[in-house]
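K.L.:
Can you read through this structure? Questions will come right after.
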Amino acid sequence: MFRKAKGHPEVHEVVAFLGKGTDFRGVLHFEGTIRVDGRLEGEVFTKDTLIVGDTAEIQGNLSVGSLITSGRITGNISAATKAHFMAPGSFTGDVASPALQVDEGFVFNGRCEMRKEGKVVGEIKPGGEVVRV
């Protein structure tokens, strides 16, 4: 459950865990790595790593340092360093990240904007508004 994500050196230790059966609504701010296996509706803001497990369902906008997901996400994503999409998950929305990996078996429905690492081209504000800089 808390194993290191293979091929992801930015994942060190999970500091918080929203398990299967958890239902969270609102705005989530955190430091460190967090794993979600339940349902989350709202917004997530962090400069660190968000791991979305197979059983997770997220409806909302994510502004993260790095994203690793095999769950279902509907919303917009801004990942400062990397977004890794793994089967059996799915994504519907827009994603902006300098590095994007979509594994075979993952369903990606949306738009992708690649940018150089560290250069911000867009930011997701509370409420889901994407601001271009």
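K.L.:
How many angstrom separate the Cα center of region 77-100 from the Cα center of region 34-53?
P.N.:
First find each Cα centre; the distance between them is then 13 Å.
K.L.:
Next question. Take the alpha carbon atoms of region 14-132, find their radius of gyration, then divide it by 2.2 N^0.38 Å using N residues; give the quotient.
P.N.:
Numbers: Rg = 12.7 Å, N = 119, 2.2 N^0.38 = 13.5 Å.
Region 14-132 yields a ratio of 0.94.
We did not get these values from a lab; they are worked out from the coordinates using the rules stated. Small disclaimer: the values here were computed from a predicted structure and weren't measured.
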